[in-house]
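Visitor: Would you mind keeping the following structure in view while I ask a few things?
The values are calculated or read from the model by the stated rules, or taken from the named source; none is laboratory data. These figures come from a predicted structure and were not determined experimentally. Cβ: placed from backbone, ideal geometry, glycine included. Neighbour counts: every protein chain shown. Just so you know, the surface numbers come from the protein's heavy atoms only, side chains and all, with ligands and any DNA or RNA stripped out. Shrake-Rupley method; radii C 1.70, N 1.55, O 1.52, S 1.80 Å.
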4 protein chains.
Amino acid sequence: MSFNTFGRLFRFSTWGESHGPTIGALVDGCPPGLSLTAADIQPWLDRRRPGSSRFTTQRREPDAVRILSGTFEHRTTGTPISLIIENVDQRSKDYNQIAGAYRPGHADFAYDSKYGIRDWRGGGRSSARETASRVAAGAVARLVIPEVTIRAYVVEIGGDAIDPASFDDAAIDANPFFCPDAAAAERWAALLDQVRKAGSSVGAVVECVASGVPAGWGAPLYAKLDSELAAAMMSINAVKGVEIGDGFEAARLRGEENADPMRAGPTFLANHAGGIAGGISTGQPVRVRVAFKPTSSILTPTQTIDRGGAETEISTKGRHDPCVGIRGAPVVEAMMALVLADQKLLHRGQCG
Amino acid sequence: MSFNTFGRLFRFSTWGESHGPTIGALVDGCPPGLSLTAADIQPWLDRRRPGSSRFTTQRREPDAVRILSGTFEHRTTGTPISLIIENVDQRSKDYNQIAGAYRPGHADFAYDSKYGIRDWRGGGRSSARETASRVAAGAVARLVIPEVTIRAYVVEIGGDAIDPASFDDAAIDANPFFCPDAAAAERWAALLDQVRKAGSSVGAVVECVASGVPAGWGAPLYAKLDSELAAAMMSINAVKGVEIGDGFEAARLRGEENADPMRAGPTFLANHAGGIAGGISTGQPVRVRVAFKPTSSILTPTQTIDRGGAETEISTKGRHDPCVGIRGAPVVEAMMALVLADQKLLHRGQCG
Amino acid sequence: MSFNTFGRLFRFSTWGESHGPTIGALVDGCPPGLSLTAADIQPWLDRRRPGSSRFTTQRREPDAVRILSGTFEHRTTGTPISLIIENVDQRSKDYNQIAGAYRPGHADFAYDSKYGIRDWRGGGRSSARETASRVAAGAVARLVIPEVTIRAYVVEIGGDAIDPASFDDAAIDANPFFCPDAAAAERWAALLDQVRKAGSSVGAVVECVASGVPAGWGAPLYAKLDSELAAAMMSINAVKGVEIGDGFEAARLRGEENADPMRAGPTFLANHAGGIAGGISTGQPVRVRVAFKPTSSILTPTQTIDRGGAETEISTKGRHDPCVGIRGAPVVEAMMALVLADQKLLHRGQCG
Amino acid sequence: MSFNTFGRLFRFSTWGESHGPTIGALVDGCPPGLSLTAADIQPWLDRRRPGSSRFTTQRREPDAVRILSGTFEHRTTGTPISLIIENVDQRSKDYNQIAGAYRPGHADFAYDSKYGIRDWRGGGRSSARETASRVAAGAVARLVIPEVTIRAYVVEIGGDAIDPASFDDAAIDANPFFCPDAAAAERWAALLDQVRKAGSSVGAVVECVASGVPAGWGAPLYAKLDSELAAAMMSINAVKGVEIGDGFEAARLRGEENADPMRAGPTFLANHAGGIAGGISTGQPVRVRVAFKPTSSILTPTQTIDRGGAETEISTKGRHDPCVGIRGAPVVEAMMALVLADQKLLHRGQCG
C-alpha cells in the first residue's frame, strides 16, 4: 500500500515523478499565523539543488517553489499548504535503456514486482528528485520550531572520515561537500573527481545535530523520538543505516563508559545517548548519523535481467550524483525538522 | 503524545508497567480463520523469558499468556485479540532509590520532563518488560506470514564479534546467547560472568534475517519496508542503531562493489541491499542489524541529580540483564514478524 | 480490515466479545497528572448497566471496572490506560439456535460473509455489550474536558416524542428512560410493558447536548467536529441516523429561518447549527440527535436462512433490551466526551 | 488540528481556497494498472460545475482537471495521483464586506476563533468550491470499484419531496436538480426561481444508492461502513444530517416492521437496514440520505458582529447557489465512491 505521507499532526505528503511535469509537497497541520512566503523555502532548496558543482548531477533544475494554498497575506492560515516545483530539465531519452532492463541496486525490479508497471523515466517516483519536496516541506517545519537549530554535514565519503578535532562549523558551507573539515574536503574533491571520471560512485555518512530541543519531546513507545527519526532517515533514497548518539559504537561500550552523568542545571557530562532517553528528548543536542550507499547508477556494465527475465548487462548513463550522500545533507536536515515540528505539536497536544 | 500502537493494517498496541499487575498487547486487523491458542504464543515468550540463565535478570516471571478475545473455537475471528501477561515477581522496594533520583542513561529524567509524573517502580512503562508484549503480538504475526522464516541471533557482545565463517544455525538455540558461533558463545560466557560480577554491563549487536519474503512488499516512500523496520527496531528499549543489508559498511563501498547483479530466475549474485530496494522487497532475504547499548543499570555509583535538581550519586541495584541485547534477539524477531505481517496485508490491499 | 480504535490523539480501542471472559478498553494519549481511580469510572458504567429496571435486558452484570495500567498513585501518567470489565452472566446456551441461522437485522450474516467465522455466543463482537467499554473510556475522556458538561436523554420512543415545553433536566435521572419529560416517561412505561410482553421491540431517538465547549475545536475538512461526531455516533450498535443541530429539519427551512444571528459577546440569537460551523465549534452548545432502530431480537418468527443457505425461521430468545435506545443515552454521552477530548488536544496541538 | 485527508488505504487529501490560484486533490493508495486520463474525471466534474443552469451560482469555472503525477502511459502506477484544478473566475472584491464581519451560519467566526486568521475571499478554505476536489478524487475511486453503480439524486427541496411512486432513473439527468421525479422538478424550478429572486435560499435532501456492493465490506467497530459514510457525508459543506437505510424513520418502527427477512440466494425481502448490518455490507444496495441546510448566504440583512466584536448587519452578495444541496448530489456520489473504494481495499487486505 502506497503511503506517501509522513507525520502525525504536522504532516506532509509528497508526489510527483522525476520526469513528470511537476513534483510537490502538501503540508497539513501547520500552526496558523506563521510568516511564510516562497522566500522562506527557496534558500533551502537552493542548498540541495543539483548542478551547483561538478560533484553533483549536471541536471539543471531551478527548483523554484510556488505556494498554491494555505497562506493569506503571507501568513499561514492553518489549512493545507500546497507546494509545487516544476521539472524543467528532464531528458527521458537518456533512460530508454532502463525501460526494458533492471538497474541493479535500483528500485526498478522491486517496483515492477509490486505494481507490474513503473514510470522508468529517470527513475520515476523512486528518483532522489523526490527529496526536493521534502526540503520544501522541511522549510515550513523549521518555522514551527524556531527554538531549534539544525545542522547536517558529511563526515565520511568513500570511507574517508573527517578528523573530529578539525570540526569547523564555518567550513560546512564553504565547500561543495557540506564538510566541516577543510582538509577532508580537499581530499574528497580529489576522490570525487576520480570517481566521477571512472563513472563510478561512492557512499557517504551524514551527521545531523539539532540544538535547542527542549526536554520532553517524543513519546513511548512506538512514537519514540529516535524511532521517528529512524523512520524518517531510512525513508530517504539510498539510506541503509541510522544511528542515534553513539549508535553502533555504544554496543561496544561498557555501561560505565556509556553513562551520561548529570549535574545540577541540569547539565550532562556526556551525550552518548544523542539527546534521547526512553524515546524522549533530554534537552541535550539530538544527534543522528545516516549512512548513504554509493549511487547505484554506474557506467561499469553490470549483470542484470530484462523485464522478460532474460539475462543482459546494463550500464547507467543518464545524469547522476557520483555520491548521493552529499546532497543528502540538506535532506537529512529537512527530515530532522519535520520530525521535530511534529513532535513539538504532539507534546503540546497531550501535555499542554 | 503517547502512541503505543504500531502498524497500519495489522496493528498492535501494548500497555502495562513493569511493576503493575499485568502487561498486555492488543492485536487488531488480524486475518480471520487462523488457528490460534496460547500454545502458539507461549514458546516465543519462553525464549525471551528472564531468569533462564545466569546471564539474564534473575526476576522470575512465568510470562504465561492468556487470550481474552478475538478467537472462537481456537481460530481467529478477525476481531481484536487481547493478550494478557501477569506480573508476578515485582520487587518494587529494590527501586525505592530511583523514586527520587534519575538513573543516567535511563528514561527517568526524560519522562519526568515530559509528564511531570512517572511510575518509577522497576522503570514503569520504560522497562524492557514491555517487550514481552511485543513477543506475544509477534507470535500472532508469524501466523499471518507462514511463508516467511525469521531468525535473529547475537553477532557481537561488548565488541567481540562472531566469526562469520563459523556461522551455525543449529548453535543459536544451543547456548544462552542466541549465538550462532559456538566458540564465541564460550568467550561471551566468560565475559558476561566478569561483567555481571563487576555489576557492569555490555552492549550487543543483533542480526535478523527473514527468508521467504516475496518480492513486492513495502511501499514508497514513507512506508518503505526499510523505514518501517528502522522504526520498529529503534522502538525497542536500548536500541541505538539500525542497519539494512550492509548498512554503514555500504557507505564505504564503491558502486561496483555494492551492486547486487541479477541473473535469470531471478537470482541475485549478492545481497548488499538486505533484500530491499526502493523500499520494496526484492525476494532476497531481508537482513537487518540492530545495536543495543549496554544496560544503563550499573552498580558503579554515577553522578546524577534528584527530582529537586540537587546533585547526588546513584548505583542501580534491582535485578537487571547485564546485556539487554541478548534477550533482544527474540524481540527483534517479533518486530520483524510484526512489520512483515502488516506489509503483506498492505500489499494485498492495494495490489490484490 | 478491523479497526477497533477511535480518535486521533486521545484514542481508545475496545476489545472483547459478549460471552468471552472479559471486555476492555485501552485509552492512549491521555494527558498526564489527572486524578483517576476506578471510582471515577464506575458511576458512568452503573448508569448503562443492564438489569436496573424491567425495561432493559435481565442479564445481570456488575460491570465492575479495573484499571490495569497508566496510573500511578491515582494519577494518570500519560501512558496507556488499560480498563477491563469481566463478563459474569453469560448464558451462551440461550443462543445455540443462532449458531446455525442468521438473525435478520443482526450482524450475523454480514460477519460470516466477511470473515467466514463468527463468535455467535450472544452476538460476539457485534453485541451491544461492547458499549460498556466505550462508557468506561468516556469516563476518562470526561476528565480531560472538565469545562464541558454533557447531557444525553431520550426524546422519542416508538414514535412517541417528548413535549419540548415540558423539558426538565431533573427528570432525566428520575425515570428508567433518561426521559426529560415526566409525562412521556409514564407513557413510555406503558408502551414498553406492552412491547416487552409481546416479545417485540421499539426504536428511540437520543439527543445529546455538550455545554461549555469553547469556540475553536474541530477542523476542516475531514476532521470536522460534526464529521467526527457523526462517525462516533454511527459506530454505536443499532444507530441509523445522526443529526447536528436542526439536522433534517434544517433542510426544510429558508436561509433566513436557519440563520443564527450574532450579537456582541459574542452571543447567538439561535442555535440551528448545533454549535458547529464549518466543522468548528462556535462556543454554543453542541447538539446532536441519534436514531436507534428497534432491537432486532424479537420473538416473532422471521424468515431467514441458515449457514448452509437453506430457508428457515428464527425467533430470538436470549435476553435483550426491548428498546436499545434507552441504554444508548449513556453511550451517546460517552462518545460525545471521547470526541471532544480528542478535539481539545488536537486544537491545543496545532494552535497552542 | 487540520486534517484534510480522508480514507485509510485509498486515501485522498484536498487543498486550496476558493479564490486562490488553484485547488487540488492528492489521491494515494490507488491500485496500479488502472486506465486513467483526465477524460475519466472531467465528466464528473462537469456534473458538479457551477453555472450550468440559472439555479446554481453564476461563477463561471471550467473546472478543467490536470493529472500531474501517478500515471504512466495512461495507467495508474500505484504512486500518488496529484489532481489540480485552476480557479479562473474569482471576484474577491464581491467579498470585501466579509473581511470585517462574520456571516451568520458561515464558518467565518469559527475559523477566526480557531486560527486567528482566515482567507475571507469567497470563504477561503470553507467554500463549497473545495467539493470539486472531492469529485475529482471520487472519479478515481470509481475506477477501483467497477462492480459498483452509484446514483445520487435530490429527493426534497425546501420541504417539497418527490413522490416515490414517480421515481424515474432516466429523469435524474434530464433536469437541473438531479430529480428523479419530473413533476417535482417542475415544482422545484418555480420554487427556486422565487427563492433566487428573493435573495433567499432553501435546503435539500439528497439520497444516494450504491448497487453491486458485495457482502463483507466494512468492519467493526470504529470503521463500520455506516460510520465511515456518516463521517464522509457530514464532512461536506452544509450537511447537517445523515441517515443509513430508513434512518430516523426506523426509530419509529417495531422490530417486526424493521426486520429484513432473508430467503435463499440469499435474497432479502426488505432493505430497511440500507445494505449494512453490524457495520458490514450485506450485499443489498447501500442507501444513505443526506440533509443539506439552506445556503447561509442570503440577501436579507442579518444581525452579526464584526471582527472587533461590535454589532453590525450583513447581507451576503457574492455569487451563490440558492440551494447548495442540488450540486451536493455529485459530491455525495463522490464521497460514496471514495468510502467504498477504501473499504474494498481494506477488506482485501485483511481477508484476502
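Visitor: Accessible area per residue for chain D in Å², computed with a 1.4 Å probe and the full protein assembly in place, what is it?
Guide: Numbers: 9880 Å² over 352 residues.
On a per-residue basis, 28 Å².
Visitor: In whole Hz, with x marking every Gly and Pro, tabulate ³J(HN,Hα) for segment D:120-128 from phi via Karplus 6.51 cos²θ - 1.76 cosθ + 1.60, θ = phi - 60°.
Guide: 7, 5, x, x, x, 6, 8, 6, 5
Visitor: With the Cα gyration tensor of segment B:76-220 giving a ≥ b ≥ c as the square roots of its eigenvalues, does the rule (a/c under 1.5 for rounded; else a/b larger than b/c for prolate; else oblate) give rounded, prolate or oblate? Kindly include the intermediate steps, with their values, before the conclusion.
Guide: Values: a/c = 2.12, a/b = 1.17, b/c = 1.81.
Oblate is the answer for segment B:76-220, as a/c is 1.5 or above yet b/c matches or exceeds a/b.
Visitor: On to the next question. Residues with amide H under 5 Å of A:ALA223's amide H, sequence separation 5 or more or different chain, H placed in the peptide plane at 1.01 Å from N; which?
Guide: Under 5 Å from the amide H of A:ALA223 lie the amide H atoms of B:PHE3, each far enough along the sequence or on another chain.
Visitor: Can you list residues from other chains, or at least 5 along the same chain, whose modelled amide H is less than 5 Å from the amide H of D:ILE298?
Guide: Close amide H contacts, sequence-distant or interchain: D:THR316.
Visitor: Another question, then. Can you tell which of A:TRP44, A:GLY70, A:GLN58 lies farthest toward the positive end of the dipole of chain A, using +1 and -1 charges on the Cβ of basic and acidic side chains (Lys, Arg; Asp, Glu)?
Guide: In chain A, that residue is A:GLY70.
Visitor: For segment B:332-352, list whatever residues lose no less than 40 Å² of accessible surface once every protein chain is in place, relative to that chain by itself, with the probe at 1.4 Å.
Guide: The answer is B:LEU346, B:ARG348, B:GLY349, B:GLN350, B:CYS351.
Visitor: With +1 on the Cβ of every Lys and Arg and -1 on the Cβ of every Asp and Glu, and nothing else charged, how large is the dipole of the protein assembly as shown about its Cα centre, in debye rounded to the nearest 20?
Guide: On the way: 152 positive and 156 negative charges, 1 e Å.
Dipole magnitude for the protein assembly as shown comes out near 0 debye.
Visitor: Report the A-B buried area as the accessible area lost on both sides summed, probe 1.4 Å, in Å² to the nearest 100. Intermediate values should be presented prior to the final figure.
Guide: On the way: alone 16010 and 15980 Å², together 23560 Å².
Buried: approximately 8400 Å² between B and A.
Visitor: Report in % the part of the accessible area of the protein assembly as shown that belongs to carbon and sulfur, leaving out ligands and nucleic acids; probe 1.4 Å. Walk me through the intermediate numbers first.
Guide: Working: 20240 of 39530 Å².
Within the protein assembly as shown, the accessible surface is 51 percent carbon and sulfur.
Visitor: Any chance you could look up the accessible area of A:LEU191 with a 1.4 Å probe, heavy atoms only, rounded to 10 Å²?
Guide: Rounded to the nearest 10, the figure is 40 Å².
Visitor: If you don't mind, there's one more thing I want to ask. Over what distance in Å are the Cα centres of segment A:106-125 and segment D:145-222 separated?
Guide: 44 Å
Visitor: Something else: Taking the Cβ of C:PHE55 as the center, what net charge do the other residues with Cβ under 10 Å away carry, scoring Lys and Arg +1 and Asp and Glu -1?
Guide: Numbers: positive: C:ARG54, C:ARG196, C:ARG327; negative: C:ASP193, C:ASP321.
Summing Lys/Arg as +1 and Asp/Glu as -1 gives +1.
Visitor: Quick check: Cα centre of segment B:36-64 to Cα centre of segment B:270-332, how many Å?
Guide: Value for the Cα centre distance between the two parts: 19 Å.
Visitor: Give me the percent relative contact order of segment D:203-349, please, defined on Cα pairs under 8 angstrom at least 6 residues apart. Don't jump to the answer; show the numbers that get you there.
Guide: Details: 251 pairs, mean separation 52.8, N = 147.
Result for segment D:203-349 is 36 percent.
Visitor: Something else: Leaving out ligands, DNA and RNA but keeping every protein chain, what accessible area does B:ILE305 have, in Å² rounded to the nearest 10, with a 1.4 Å probe?
Guide: About 10 Å², rounded to the nearest 10.
Visitor: Which sequence of A:HIS74, D:HIS272 reflects their accessible areas, 1.4 Å probe, from the largest down? Write down the numbers at each step before the final one.
Guide: Values: A:HIS74 120, D:HIS272 45 Å².
Correct descending sequence by accessible area is A:HIS74, D:HIS272.
Visitor: Can you give the charge dipole size of chain B about its Cα centre, rounded to the nearest 20 debye, using +1 on the beta carbon of Lys and Arg and -1 on the beta carbon of Asp and Glu? Please report the intermediate quantities before stating the final value.
Guide: On the way: 38 positive and 39 negative charges, 162 e Å.
Dipole magnitude for chain B comes out near 780 debye.
Visitor: Further question on the same structure: Under 12 Å Cα to Cα from D:LYS317, which aspartates and glutamates show up? Leave out anything in the same chain fewer than 8 places away.
Guide: D:ASP94
Visitor: Determine the alpha carbon to alpha carbon distance for each of C:LYS93/C:LYS293; B:LYS224/B:LYS293; C:LYS224/C:LYS293; A:LYS114/C:LYS224 and list only those over 30 Å.
Guide: A:LYS114/C:LYS224
Visitor: Quick one: 3J(HN,Hα) in Hz for segment A:195-209, Karplus 6.51/-1.76/1.60 with θ = phi - 60°, rounded, Gly and Pro as x.
Guide: Rounded to whole hertz, the list is 4, 4, 5, 7, x, 9, 7, 9, x, 7, 10, 10, 10, 9, 10.
Visitor: Still on this structure, please answer the following. Relative contact order of segment C:138-249: what whole-number percent is it, with Cα pairs under 8 angstrom and at least 6 residues apart?
Guide: Relative contact order here is 27 percent.
Visitor: Would you tally the net charge around D:SER35, using a Cβ to Cβ cut-off of less than 14 Å, leaving D:SER35 out, and scoring K and R as +1, D and E as -1?
Guide: 0
Visitor: Under 5 Å between amide H atoms, partner at least 5 residues away or on a different chain: which partners does A:ARG75 have, H built in plane at 1.01 Å?
Guide: Here the answer is A:LEU36, since their amide H atoms fall under 5 Å of that of A:ARG75.
Visitor: I'd like the residues of segment A:15-57 whose 1.4 Å-probe accessible area shrinks by no less than 50 Å² going from the isolated chain to the full set of protein chains.
Guide: A:TRP15, A:GLU17, A:LEU26, A:PRO32
Visitor: Here's another thing I want to ask about it. Magnitude of the Cβ-charge dipole of segment B:180-255, K/R +1 and D/E -1, about the Cα centre, nearest 20 debye? Walk me through the intermediate numbers first.
Guide: Working: 7 positive and 9 negative charges, 47 e Å.
That gives a dipole near 220 debye.
Visitor: With θ taken as phi - 60° and the coefficients 6.51, -1.76 and 1.60, list the Karplus ³J(HN,Hα) couplings across segment B:64-73 in order, rounded to whole Hz; mark glycine and proline as x.
Guide: 7, 8, 10, 9, 9, 6, x, 10, 9, 6
Visitor: Here's a follow-up. Name the shape class, rounded, prolate or oblate, that the alpha-carbon gyration tensor gives for segment C:236-316, where a ≥ b ≥ c are the square roots of its eigenvalues, rounded holds for a/c under 1.5, and otherwise prolate holds if a/b is larger than b/c and oblate otherwise.
Guide: Details: a/c = 4.48, a/b = 3.63, b/c = 1.24.
Note, shape of segment C:236-316 comes out prolate.
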